[in-house]
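The values are calculated or read from the model by the stated rules, or taken from the named source; none is laboratory data. A quick note: this is a predicted structure, and the numbers were derived from the prediction, not measured. Heads up, the Cβs are rebuilt from the backbone with ideal geometry, glycines too, and the neighbour counts pull from every protein chain shown.
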Amino acid sequence: MLVEAFNDYVCGYDLSDRNIALKYAHSFRVMNLQVKYAKKLGFSPEDVEIARVIGLLHDFGRFEQLRVYHTYDDSASIDHANYSCDQLFKKGNIKKFVTNEEWYPIIEFAIRNHNKRVIEECDDERMLMHAKLIRDTDKIDIIYLMGTLKQVKIKPIKARVNKKVLEGFYNHEQIDSSLIKNKNDDSVIRYAFAFDINNTICLKELRKNYKTYYEVQKGNKDLDGVYKETLKYIKERLKNEGIR
């Protein structure tokens, strides 16, 4: 039901459009990552299925965002996570994909928080568990599609990285996107994804994806240093968690 309903929905858009096709494929890859890591983390069968739903629908509003605003740039249009929730829950589209209404608050919370700098305060551990996982798997695939699949141009330019962006990175912070002034700044923010991974086991796959991501960028002094710091952080965290 889930996949068939999603395909029916996306068929209302132009799949020959590269941008639509990119988000369509991203949605399925994230869905598969959700199932993979939900099982690794010991989620119940029901929660594995909820994670699957969240993965496929986490960018649901992206298709309409592109149609209405002609961009995926949230700063130039609308917050895509909030827009996804509006499309799913305010417009009632969620009923096409999920009949169990008890899942709705979990799905909505996870999707709404998947792109925020920090997860909003919540006392429900189950909601937090799902929000944390979709944040992790989404980051894994973003780096994969940029590096391994080369679906987004990330070759660095000659400009230096914004000093405030570098400071935030070396402090292992999630960097405010408003500080982005050029493509190199954006790349540093992508490396900072590593500092916001909630489930340490996800760092192994993210590290592998960073290798192909960096191959396109090596030779840039700022980004060389950033990549080395990212690997150092991941190595230390995996070691501390006893993950090989």
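General observations
- Subset of segment 219-236 that is touching a helix residue (DSSP H, G or I) at 6+ places or on another chain (Cβ under 6 Å) and free of Cβ contacts under 8 Å to residues at least 40 places away in the same chain - its residue that is surrounded by the most Cβ atoms within 10 Å (Cβ to Cβ): T230
Quick grid of which residues meet (1) at pLDDT 95 or above; (2) more than 16 Å from the chain's Cα centre (by Cα); (3) surrounded by fewer than 19 Cβ atoms within 10 Å (Cβ to Cβ):
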site	(1), (2), (3)
F89	yes, yes, yes
P105	yes, yes, yes
R112	yes, no, no
R117	no, no, yes
D123	yes, yes, yes
R135	yes, no, no
I143	yes, no, no
T148	no, no, yes
V152	no, no, yes
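- Hey, I54 within 15 Å of the chain's Cα centre (by Cα) and either modelled with pLDDT of 95 or more or of a type in the set (D, E, K, R) (or both) or not: yes
- Failed condition for A159, given (1) assigned by TED's automatic domain parsing to the domain that holds N32; (2) at negative phi: (1)
- Test: residue in segment 172-181 that is over 18 Å from the mean Cα position of the chain (by Cα), loosely packed, with under 15 Cβ neighbours inside 10 Å and farther than 28 Å from H130 by Cα: yes
- Among the residues of segment 124-147, not a single one is over 24 Å from P45 (Cβ atoms) and either outside the structural domain of N82 (by TED's automatic domain parsing) or not in a helix (DSSP H, G or I) (or both).
- Restricting attention to segment 10-47 and to residues that are surrounded by fewer than 17 Cβ atoms within 10 Å (Cβ to Cβ) and among the hydroxyl-bearing types (S, T, Y), the residue that is nearest to K95 (Cα to Cα) turns out to be S44.
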